[in-house]
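Q: Here it is, the structure in full.
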Amino acid sequence: MKYILIIPDGMGDVPVKSLGGKTPLEAAHTPNMDYFAAHGVVGLTQNIPKGFIPGTDIGSMSVFGYDPAKYFTGRGPLEAAVHGIRLGPGDLAFRCNLVTLEKDKLKDFSADHVSLKEARSLISAFDRLVQKKFKGKVRFYPGKGTGYRHLAIFANAGSALSKVKCTPPHDIMGKPFEKYLPKDKDALFLNELMVLSRDFLSRHLLNQKRIEKGKGPANSIWLWGQGFPPDFPTYGKRFGLRGGVITAVDLLKGIAIHAGLRVIRVPGVTGYFDTNYVGKALYAVNFLKKNDFVVIHVEATDEAGHIGDAQLKIKAIEDVDKLVLGTLRERMNGLGDYKVLLLPDHFTCVATRTHSSDPVPFLAYSSANKKTGPEKFSEKSAKKSRLMVKEGHRLMELFVGGSLA
């Protein structure tokens, strides 16, 4: 049996007025999702436990089958694994976004999707300044995925700094950023770094050129998602599965590495609307010829929600359906029996342009044990099924164990 997990990031949503009261998933043309739903099982799962901020870090931990309350230490250390950074016991890893600030507002959490080449130049230049000023107290590392995602590692940081409340920048777009800066007395150094970055990056020639071209400048860093090194059991030990993950997002790659899963490199994977959807599916099928389990993660659905564009989100969902699921259906027949589990990690609501903790819809399908499900896969049909997994991290156990499909 082959196992395929598909994560359209942030695909879940609430009804949108401009769509006649439908969600983007309801409004989208999704014949492949609907096929799997009609011959499988659908339901809801609570990926964001009570008390946790809804985000891809927490939601994805649950989707992969790890209880966030037990295993999650922070987003930063998961992404550090992708860089090959070996964190010492006292090293604290922060996620570091490049953002666009305009007057007193945080205008864009992605700095107008600054390119990776530009971002590396900016982060490297800022790191040189910081090394000169603070002599190894903190290091900045350019990301390997999309241009706005980077890392900051604080050497021998105290536990107090790990507990400072830091707000994800995608949750405060269009809001006064000063209100959301860390206020704790232990956060003075964080604020000092962010102020320093605003002064330095705003004057950087690269940003001046971006402004001339009508692009938003990457004129500040934003620190959040801090944590110490995590430790959780691998998929081989838990499920006896040998698998891999296809994604453009460092966070998902970090989870994969800690879970003992291979990071599968696919050309043209960008984490945006121009990603290589078909390539993801083709590489997944090829990987499954010699392995048991593969994860396909798509970021575009989440990006559309953050932009607040319902039509763009519909397009992203339809691309996942046609180009990923459609390709899988065409190519999996020669590999024997297989199972599909498809679900978002969380809602990313078009109306609010941010995440929510709502239970997300899932579908589970087995080519060897077809069942009768709803004609349309959506939040509404999942709720109507009355199947609810109250602890999202248990869904993977049910899927692999055969209780779902």
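Q: Compute the separation of the alpha-carbon centres of region 87-138 and region 229-258 and state it in Å as a whole number.
A: Between the Cα centre of region 87-138 and that of region 229-258, the gap is 26 Å.
Q: Relative to the longest principal axis of the chain, what angle (0 to 90°, nearest 10) does the C-alpha long axis of helix 188-202 take?
A: The answer is roughly 90 degrees.
Q: Could you tell me which residue out of Ala125, Phe177, Leu223 lies farthest along the dipole of region 81-227 toward its positive end? Charges go on the beta carbon: Lys and Arg +1, Asp and Glu -1, centred on the Cα centre.
A: Highest projection toward the positive end goes to Ala125.
Q: Under the 0.36 nm per residue contour assumption, what length would be gained going from the current alpha-carbon distance of Arg238 and Met1 to full extension?
A: Separation in residues times 0.36 nm, less the Cα-Cα distance, equals 83.7 nm.
Q: The list [x] 44; [y] 33; [z] 30 gives values of percent of Cα pairs over 33 Å apart, and only one came from this structure; which label was calculated from it?
A: The listed entry that was calculated here is [z].
Q: Taking the Cα centre of region 293-347 as the origin and placing charges on Cβ (Lys, Arg +1; Asp, Glu -1), which of His346, Leu323, Ala300 is farthest toward the positive end of the dipole?
A: Of His346, Leu323, Ala300, it is Leu323.
Q: Continuing with the same structure: Take every Cα pair under 8 Å in region 81-227 that's 6+ residues apart, average their separations, divide by the length, and report that relative contact order as a whole percent.
A: 34
Q: In nm, to one decimal, how far is the modelled label at Leu206 from the one at Ser18, with both set 7 Å along Cα→Cβ?
A: About 3.3 nm separates the two model spin labels.
Q: Here is a follow-up. Applying 1/(1 + (r/R0)^6) with R0 = 60 Å to the Cβ-Cβ distance of Lys185 and Val278, what FRET efficiency is obtained, to the nearest 0.05?
A: The computed FRET efficiency comes out at 0.70.
Q: Would you calculate the separation in nanometres between label points at Lys370 and Glu102, each defined as 7 Å from the Cα along the Cα-to-beta-carbon direction?
A: Inter-label distance under the simple model: 5.2 nm.
Q: Efficiency by 1/(1 + (r/R0)^6): what FRET value for Ile53 and Leu335, r their Cβ-Cβ distance, R0 = 45 Å, to the nearest 0.05? Let's see the in-between values first.
A: Working: r = 39 Å, r/R0 = 0.86.
Computed FRET efficiency for Ile53 and Leu335 comes out at 0.70.
Q: Could you rank the peptides 299-306, 99-106 by their average count of other C-beta atoms within 10 Å per residue, with the highest value first?
A: The most tightly packed comes first, giving 299-306, 99-106.
Q: Please give the contour-minus-distance gain from Lys132 to Lys380: 0.36 nm per residue of separation, less the Cα-Cα distance, rounded to one decimal in nm.
A: 83.7 nm
Q: Let me ask something else. Order the peptides 256-264, 185-193, 46-54, 314-322 from the highest to the lowest mean number of other Cβ atoms within 10 Å of their residues. All intermediate terms of the calculation are to be shown ahead of the outcome.
A: Numbers: 256-264: 19.8, 185-193: 16.0, 46-54: 17.6, 314-322: 22.6.
The most tightly packed comes first, giving 314-322, 256-264, 46-54, 185-193.
Q: Within 10 Å of each residue's Cβ, count the other Cβ atoms and sort Lys70, Lys213 from fewest upward.
A: Working: Lys70 9, Lys213 6.
Neighbour counts put them in this order, fewest first: Lys213, Lys70.
Q: Nearest 20 debye, what's the magnitude of the dipole of the chain about its Cα centre given +1 on Lys and Arg Cβ and -1 on Asp and Glu Cβ?
A: So the dipole magnitude of the chain works out to roughly 660 debye.
Q: Can you tell me the dipole magnitude for region 81-227 around its Cα centre, using point charges on the Cβ only (Lys, Arg +1; Asp, Glu -1), in Debye to the nearest 20? If you can, show how the numbers build up before the last one.
A: Details: 27 positive and 14 negative charges, 58 e Å.
Its charge dipole is roughly 280 debye.
Q: Neighbouring Cβ atoms within 10 Å as the yardstick, rank Ile255, Ile85, Ile221 fewest first.
A: In order of increasing Cβ crowding within 10 Å: Ile85, Ile221, Ile255.
Q: Can you give the relative contact order of the chain as a percent, counting alpha carbon pairs under 8 Å and 6+ residues apart?
A: Relative contact order, the chain: 34 percent.
Q: Could you tell me how far the Cα centroid of region 24-57 sits from the Cα centroid of region 348-374, in Å?
A: 1
Q: I'd like to compare 340-352, 169-181: which one has the highest average count of other Cβ atoms within 10 Å, and what's the full order after that?
A: In descending order of packing, they fall as 340-352, 169-181.
Q: 5 Å is the cut-off here: which amide hydrogens, built 1.01 Å from N in the peptide plane, fall below it relative to Gly55, excluding neighbours closer than 5 in sequence?
A: Amide H neighbours of Gly55: none.
Coordinate-derived values only; no laboratory data. Note that the coordinates shown come from a computational prediction; the quantities given were computed from them, not determined experimentally. Cβ coordinates were reconstructed from backbone atoms using ideal geometry, including for glycine residues, and neighbour counts include every protein chain displayed.
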